[in-house]
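Visitor: Pasting a structure below so you can have a look.
Derivation of every value follows stated rules applied to the coordinates shown; laboratory data play no part. Keep in mind it's a predicted model, so treat the numbers as computed, not measured. Heads up, the Cβs are rebuilt from the backbone with ideal geometry, glycines too, and the neighbour counts pull from every protein chain shown.
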Ligand code: ACO
């Protein structure tokens with residue numbers, strides 16, 4: 001029986017159709033999806049913190065409104081993604097507990113501090129830009145609820161990327177001090193943005209299986225290269241220098257060559273020892289504890305509604 005179900009699963013995936021929550025799926029496929037989607041959801045939620053740091057200090061009402069909308073979008077992305085894990089049988093409370101106990105990961109990028117307002121623009125341009133390169137192919141991932149969530153998320157991420165680039169363009173047209181702020185932010189965020197795509201293919205434990213299941217559609221290195229190629233002309237148009245002396249066009253490969261990424265730093269950050277790792281998790285834990293009364297009140301209300309319906 002299982003062999004027949006597995007053949008049908010392979011056929012659906014091979015035919016570029018979608019696996020849906022009620023379909024049979026291998027245990028490993030379910031586990032991999034829960035791991036990846038939960039990590040993605042946690043990243044969206046933790047990712048609200050570095051930018052929220054600047055909401056109260058945005059330099060104008062317009063910038064504040066844009067930033068508020070963007071940070072709220074990230075919360076929405078987290079919620080769609082947690083909902084997608086629930087279709088696989090995961091429990092959101094359990095996932096949150098695993099996050100705050102350090103048993104589930106979130107993106108390395110959100111463990112770096114936001115030191116000046118240009119960081120908001122650079123996060124939009126580079127971090128959300130990298131997120132788009134990574135996530136557009138996920139609109140074609142083999143699991144239906146994840147693929148559909150990614151369509152809306154990518155549309156919103158495109159707005160985030162554009163607002164970041166526009167903010168930086170405005171600062172680059174400003175004073176010399178503003179241009180220095182932008183360059184300083186680019187210098188600090190460039191390498192961590194390249195790390196977002198994950199370890200090199202040779203060290204990526206999950207890629208081969210995830211590609212076979214069509215959960216991932218490209219390898220980490222393929223997407224990283226695409227991001228570099230796309231970003232170099234944007235940096236030129238902006239008038240900033242990317243902090244990599246080895247970055248140059250390679251006509252033979254038809255791609256940019258770039259310098260070695262500091263993988264020791266990456267694994268340190270992934271292991272919970274990034275510059276802001278403790279602060280991020282502490283803040284998330286406190287927000288979760290502070291929200292307990294809301295969850296209790298919502299559960300009590302839902303309970304009462306069910307009782308009323310039972311009586312009626
Ligand atoms: N930060 C933290 N952990 C990472 C990162 C990263 N940037 N990249 C890889 N890892 C972890 C993986 O989760 C994996 O750990 P695990 O096996 O213990 O779970 C380990 O490093 C090895 O990496 P891979 O085998 O390459 O992992 P995977 O196949 O899952 O690929 C990737 C990683 C590319 C991030 C993939 O999971 C993915 O595309 N996820 C969806 C997108 C996403 O999560 N984006 C979050 C940031 S974008 C944003 O929120 C704005």
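Visitor: Here are some residues: 81, 138, 95, 126. Which one is within 14 Å of residue 45 (Cβ to Cβ) and within 13 Å of the chain's Cα centre (by Cα)?
Guide: 81
Visitor: Here's something else I'd like to know. Where the second residue is away from the ligand (no atom under 16 Å from the Cβ) and in a helix (DSSP H, G or I) and the first is farther than 15 Å from residue 189 by Cα and lies in the stretch 254-269, which pairs have Cβ atoms under 9 Å and are six or more apart or on separate chains?
Guide: Taking only residues 6 or more apart or on different chains, the pairs are 254/229; 255/229; 256/229; 256/232.
Visitor: Going residue by residue through the stretch 6-14, is there one that turns out to be within 12 Å of the ligand (Cβ to nearest atom), surrounded by 15 or more Cβ atoms within 10 Å (Cβ to Cβ) and in contact (Cβ under 8 Å) with a residue 40 or more places away in the chain?
Guide: Checking the stretch 6-14: not a single residue is within 12 Å of the ligand (Cβ to nearest atom), surrounded by 15 or more Cβ atoms within 10 Å (Cβ to Cβ) and in contact (Cβ under 8 Å) with a residue 40 or more places away in the chain.
Matching residues to (1) crowded, with 19+ Cβ neighbours inside 10 Å; (2) more than 9 Å from the ligand (Cβ to nearest atom); (3) touching a residue at least 40 places away in the same chain (Cβ under 8 Å):
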site	(1), (2), (3)
110	yes, no, yes
114	yes, yes, yes
117	yes, yes, yes
139	no, yes, no
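Visitor: Restricting the search to the stretch 59-78, which residues are away from the ligand (no atom under 13 Å from the Cβ) and either surrounded by 17 or more Cβ atoms within 10 Å (Cβ to Cβ) or more than 14 Å from residue 163 (Cα to Cα) (or both)? Give the derivation first.
Guide: So the first thing to find is which residues in the stretch 59-78 are away from the ligand (no atom under 13 Å from the Cβ), and the list is 59-69, 72.
Those that are away from the ligand (no atom under 13 Å from the Cβ) and either surrounded by 17 or more Cβ atoms within 10 Å (Cβ to Cβ) or more than 14 Å from residue 163 (Cα to Cα) (or both): 59, 60, 61, 63, 66, 67, 72.
Visitor: Here is a follow-up. Taking the stretch 192-202 as the region of interest, how many residues are more than 7 Å from the ligand (Cβ to nearest atom), outside any loop (DSSP other than H, G, I, E, B) and in contact (Cβ under 8 Å) with a residue 40 or more places away in the chain?
Guide: 3
Visitor: Within the set of pairs 6 or more residues apart or between chains, which connect a residue that is within 22 Å of residue 189 (Cβ to Cβ) and touching a residue at least 60 places away in the same chain (Cβ under 8 Å) inside the stretch 210-236 to a residue that is part of a helix (DSSP H, G or I) and away from the ligand (no atom under 13 Å from the Cβ) with Cβ atoms less than 8 Å apart?
Guide: 234/165
Visitor: Go through the residues of the stretch 214-230 one by one and say whether even a single one is more than 14 Å from the ligand (Cβ to nearest atom) and touching a strand residue (DSSP E or B) at 6+ places or on another chain (Cβ under 6 Å).
Guide: Yes, the stretch 214-230 has at least one match.
Visitor: If you go through the stretch 206-225, how many residues are crowded, with 17+ Cβ neighbours inside 10 Å and part of a helix (DSSP H, G or I)?
Guide: Adding up the residues that qualify gives 6.
Visitor: If you don't mind, there's one more thing I want to ask. Within the stretch 241-250, is there a residue that is away from the ligand (no atom under 12 Å from the Cβ), closer than 30 Å to residue 34 by Cα and surrounded by 15 or more Cβ atoms within 10 Å (Cβ to Cβ)?
Guide: Going residue by residue through the stretch 241-250, those that are away from the ligand (no atom under 12 Å from the Cβ) are 241-250.
Then keep just the ones that are closer than 30 Å to residue 34 by Cα; that gives none.
No, the conditions are met nowhere in the stretch 241-250.
Visitor: Would you mind telling me which numbered condition in (1) within 19 Å of residue 127 (Cα to Cα); (2) assigned to a helix (DSSP H, G or I) residue 287 fails?
Guide: (1)
Visitor: On to the next question. Residues in the stretch 265-283 that are within 14 Å of the ligand (Cβ to nearest atom) and part of a helix (DSSP H, G or I): how many?
Guide: Of the residues in the stretch 265-283, 12 are within 14 Å of the ligand (Cβ to nearest atom) and part of a helix (DSSP H, G or I).
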